[in-house]
1. What's the local net charge at Glu156, with K and R +1, D and E -1, over the other residues with C-beta under 10 Å away?
2. I need the P(r) histogram for the range 334-406: all alpha carbon pairs, bin width 5 Å from 0 out to the longest distance, whole percents.
3. Got a number for the accessible area of Arg97? Probe 1.4 Å, square angstrom, nearest 10.
4. Which of the peptides 393-405, 134-146 is most tightly packed, and how do the rest follow, judged by the mean count of other Cβ atoms within 10 Å per residue?
5. Quick check: at a probe of 1.4 Å, how many percent of the accessible area of the range 148-215 sits on carbon and sulfur atoms?
6. Would you rank Val191, Val219 by solvent-accessible area, highest first, keeping every protein chain in place and using a 1.4 Å probe?
7. Given Lys101/Lys170; Lys92/Lys153; Lys92/Lys363; Lys61/Lys363; Lys61/Lys153; Lys61/Lys101, which pairs have Cα atoms separated by over 22 Å?
8. Note down the nm distance, to one decimal, between modelled labels 7 Å out along Cα→Cβ at Asp335 and at Ala260.
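The values are calculated or read from the model by the stated rules, or taken from the named source; none is laboratory data. These figures come from a predicted structure and were not determined experimentally. Glycine gets a Cβ as well: all are built from the backbone with ideal geometry, and neighbour counts include every protein chain shown. These area figures cover heavy atoms from the full protein model, side chains too; ligands, DNA and RNA do not enter into them. Shrake-Rupley method; radii C 1.70, N 1.55, O 1.52, S 1.80 Å.
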Amino acid sequence: MTVHSIIANALRRLDTMFPGYFATTTKRNHYIDFGYPESVTFEQLWQMYTRNGIARAAVSKTILKTWQDHPILQTDDKPDELNPVEQEVQDKFADLRFWQKLATADRRSLVGAYSGVIFRFADNKRMREPVVGNLPGLDALVEIIPAWAGQLKVAEWDTDEMSEDYGKPKMFQFNETAVDAKQGQTRSFEVHPDRVVVWSEDGTVYGESALLAGYNDLVTIEKVMGAGGEGFWKNAKSAPVLQLDKDAKVADMAKAMGVAPDKIADAMNDQVEDYQKGFDALLMLQGMEAKTLGVTLPQPKEFVEGPLQSFAASWGIPIKILVGMQTGERASKEDADEWSQTNMARRNNSVIPNIMAVVDRLKGFGILKDLEWSLYWPDLTEASMAEKIDRADKMAGINQKQAQAGSMEVVFTEDEIRETVGFDPLSGADRLIDDTGDDEKAAAANAPRPPEN
């Protein structure tokens, strides 16, 4: 047997005893090497969202930007003038906190692979039963329940190849306490797919958590911050190193401490433990000298910046938007514009299709009238009024410079300048300044007064 084969056999035995640490090939498992989980469960993602400030900020800022205002469900192109049907829907949605509940479902879908929107209808049927026939309008919609992926799981799949719903969920199981048992709600029931809209990028339960790509970076940040905090604490209150004097007598020390000589080590451990519990504790020693080992700790900032940038890149959010700046510096306009464009794309590709899936479901059951419903939602990338006025001022300034240069050509018309601010063009009569009122007032003031009686 050659030396190489002996070493290979030894490595294989060691790899069996300590998996991942003595690899027998050049391929390495970096998840084991660096302490990352090989597979990430919903519970781990939810814990990261609830306990990690960076993860929470990414989710919250995405939702707050995407839902910075609520859409309007309309049957025409006049969002400023609601017809009676639209007004009735808006009032009902306000009572149910409809848009807030959908925003919550959207938030939960970022953490899990998906979330659920569960409907409670006043149809005298159990949640596990399908919806039959048309329901009597808006009053039949009782409640909307946004559900975490960990609360709403597929209980049964449709395995009939001849079914239109082949490969889709046939029944869901909802358990409200499966995620956070402290919330006090204990609803648990089977729910039919008619009463559920799955909220995800593709409308299925096969989505992917937005936190997944940057999960390892979040773990690294927790390690660095946790180690840094614990290190500073230990350095400030480090365990003492006890040095026994060469002339000290253990029997005398034990007698002074009131313990047997063979128990003196345990007594000293108890003393040190009590000492460690508080900054104001005293350490009584006899025949010993207590010293501390000073440790120079590096600043964690440099070690956090790398994974923080990597996580921000995985999320598509500028660093200054994610964490802000300690100096109070705000994100640049370029960062803000990019963030608006990112969330606008997310709206169009994910959020609006999910909303319309909810609308179509309610329309199909007779909750909403059988009309052509559409969404009006102000554009996130639209300039503010201050920016519009600034543009209009610059356009007018260009026209003024052209006139001062002797040019008879108008670069921007008045209608174009008004359109920049968001105003409609003026009609012919509106373009003229009405000053007849001032002339009439002046004539009345100069008219002779009648004689007094």
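1. Result for the neighbourhood of Glu156: -1.
2. 3, 13, 13, 13, 11, 10, 9, 9, 7, 4, 3, 2, 1, 0
3. Arg97 has an accessible surface of roughly 130 Å² with all protein chains in place.
4. Averaged packing, sorted descending, gives the order 134-146, 393-405.
5. 45 percent
6. Final ranking, largest accessible area leading: Val219, Val191.
7. Too far apart for the 22 Å limit: Lys101/Lys170; Lys92/Lys153; Lys61/Lys363; Lys61/Lys153.
8. With each label point 7 Å from Cα toward Cβ, the separation is 6.7 nm.
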